[in-house]
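First comes the structure, then the notes that go with it.
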Amino acid sequence: MTVSIDTHSACVDFPIFDAKTRSLKKAFLGKAGGTIGRNASDVVVVEALRDITLSLREGDRVGLVGHNGAGKSTLLRLLAGIYEPTRGSAVVRGRVAPVFDLGVGMDPEISGYENIIIRGLFLGQTRKQMASKIDEIAEFTELGDYLDMPLRTYSTGMRVRIAMGVVTSIDPEILLLDEGIGAVDAEFMKKARTRLQELVKRSGILVFASHSNEFLAQLCDTAMWIDHGQVRQQGGIEDVVRAYEGDDAGDHVAHILRELAASDSERDGTASDSERDGTASDGERGA
């Protein structure tokens, strides 16, 4: 099966049936962002996404930028199948791994080890597959004996470690990643980022929402600026970030991209030297 994402004029609306209730209205706006309108039944709605058209194929790496509440997370949830388009269409072909709702598929009353298995099953793995990975995941989390204790005894950061360990152990066809996964210490996040980079290399398609231009430049090839639920601009990471945040941010991304290109070139050169050394050694052995 071909891995792909296709949306055409996709919209996501959240109805507010009692628009006079300010607290309810505020709750929806806080989650979805977007603009306020009315549907055909004259019900007040928050238009979280409007006219989103995408066509992604295997190998695509797309970063989403925009302010909080712009619609980035809503778009990820649309692509994950959590939200259905109110209008338009969204067709996703491939096994999806969503890395944004880390609490889903975890049970506070069972141990960390058991939650590793359960979380893996939620992401489409078999029990046998998870059993073969559990030691490696446990080592990554650095939680030690805590893994024998119920999840309800864990801090938020400890739960994130388990969720990150599981999700980065699989081979997704489509990876939907939201950087809002904080709550862990900086040293562990650095370790997790390296593991996420390896995960991205194994995935077919990546859609990544982030406020970190450095991380976007490291993981993505193109970017999309979401503003009030609509696509403002789509293209190269440097161009999109420059339009969204200004020249200083654009120059910073350009610098990162140059460093990454130089690093890749140096690594390729080292590999070529190793190959030449290996060929020479083979020749010498043949002689």
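The values are calculated or read from the model by the stated rules, or taken from the named source; none is laboratory data. Note that the structure is predicted; figures quoted are calculated from it, not measured. Cβ: placed from backbone, ideal geometry, glycine included. Neighbour counts: every protein chain shown.
Evaluated against (1) touching a residue at least 60 places away in the same chain (Cβ under 8 Å); (2) surrounded by fewer than 20 Cβ atoms within 10 Å (Cβ to Cβ), Ile110 falls short on exactly one condition, (1).
Please state which one of Lys191, Lys128, Lys133 is in contact with a Gly (Cβ under 8 Å, 6 or more places away or on another chain) and either modelled with pLDDT of 90 or more or under 30 Å from Asn213 (Cβ atoms) (or both). Full working, then the answer.
Details: Lys191 fails: in contact with a Gly (Cβ under 8 Å, 6 or more places away or on another chain); Lys128 fails: in contact with a Gly (Cβ under 8 Å, 6 or more places away or on another chain).
Being in contact with a Gly (Cβ under 8 Å, 6 or more places away or on another chain) and either modelled with pLDDT of 90 or more or under 30 Å from Asn213 (Cβ atoms) (or both) holds for just one of Lys191, Lys128, Lys133, which is Lys133.
Condition first: on the phi > 0 side of the Ramachandran plot and among the small types (Gly, Ala, Ser). Can you find one or more residues in the range 130-143 that meet it? The answer is no, given that none of the residues of the range 130-143 is on the phi > 0 side of the Ramachandran plot and among the small types (Gly, Ala, Ser).
Meeting the requirement of 1 or more residues that are among the small types (Gly, Ala, Ser) and touching a Pro at 6+ places or on another chain (Cβ under 9 Å), the strands (runs of 3 or more DSSP E) wholly within the range 59-129 are 96-99. Annotation note: Cβ proximity below 8 Å between a residue of the range 135-146 that is without any contact (Cβ under 8 Å) to a residue 40 or more places away in the chain and among the aromatic types (Phe, Trp, Tyr) and a residue that is surrounded by 11 or more Cβ atoms within 10 Å (Cβ to Cβ) and in a helix (DSSP H, G or I) (sequence gap 6+ or interchain) occurs for Tyr146/Gly112; Tyr146/Thr153; Tyr146/Met158.
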